[in-house]
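Right, one structure below, let's go through it.
The values are calculated or read from the model by the stated rules, or taken from the named source; none is laboratory data. Note that this is a predicted model, so its numbers are computed, not measured. FYI the Cβ positions are ideal-geometry reconstructions off the backbone, even for glycines, and counts take in every protein chain you see.
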Amino acid sequence: MNEGEVVRAEAKTGGFQTRYAAYFTDAQLTRIVETRKGPRDGHGEYTFTGARLVGYQGTALEREADIQVGFDMKGAVTSSSKGTSVEDIAAVRTRGQLLRSLALAHRSTTQHSESGS
């Protein structure tokens, strides 16, 4: 596994067409940057420590607004930008974990096909 590995992919998830780049350091996912097209175009950057989502900054998923949210290692909110709703936070958590799963699966599939060549 390469330090600084980047996995890029496109998918349709949760009503959005998304293009994302997942960044790995020492085989650990560190962040995902996505661009969404759909009912509400937007972008976001999800930050991870191990398997935990620890931060998000970007466009809210449910409305037109820029938000920022921080989480501790147990998933509790440690900070959020003014006006960030409970619904915004729930949507970020759900989408962050969905993108994490997609990125890990894509990376695993890519590595498997490369090692089988």
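Only residues that are farther than 30 Å from residue 26 by Cβ, polar (S, T, N, Q) and either at pLDDT below 95 or surrounded by fewer than 17 Cβ atoms within 10 Å (Cβ to Cβ) (or both) were counted across the range 60-86, and they come to 2.
Considering each residue of the range 19-35, count those that are modelled with pLDDT of 95 or more and either among the acidic types (Asp, Glu) or more than 15 Å from residue 4 (Cα to Cα) (or both), and give that number. Of the residues in that region, 4 qualify.
Residue-by-condition table, conditions (1) without any contact (Cβ under 8 Å) to a residue 60 or more places away in the chain; (2) small (Gly, Ala, Ser):
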| site | (1), (2) |
| --- | --- |
| 4 | yes, yes |
| 10 | yes, no |
| 19 | yes, no |
| 25 | yes, no |
| 32 | no, no |
| 37 | yes, no |
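Taking each residue of the range 56-74 that is of a type in the set (Gly, Ala, Ser) and in a loop (DSSP other than H, G, I, E, B) and looking for partners that are modelled with pLDDT of 95 or more and surrounded by 22 or more Cβ atoms within 10 Å (Cβ to Cβ) with beta-carbon atoms closer than 7 Å, six or more apart or interchain, yields 60/67.
Need the failing condition index for residue 15 against (1) surrounded by 14 or more Cβ atoms within 10 Å (Cβ to Cβ); (2) touching a Gly at 6+ places or on another chain (Cβ under 8 Å), just the number. The one condition residue 15 does not meet is (1).
Taking the condition modelled with pLDDT under 95 and among the hydrophobic types (A, V, I, L, M, F, W, C), does residue 51 pass? So residue 51 fits the description; yes.
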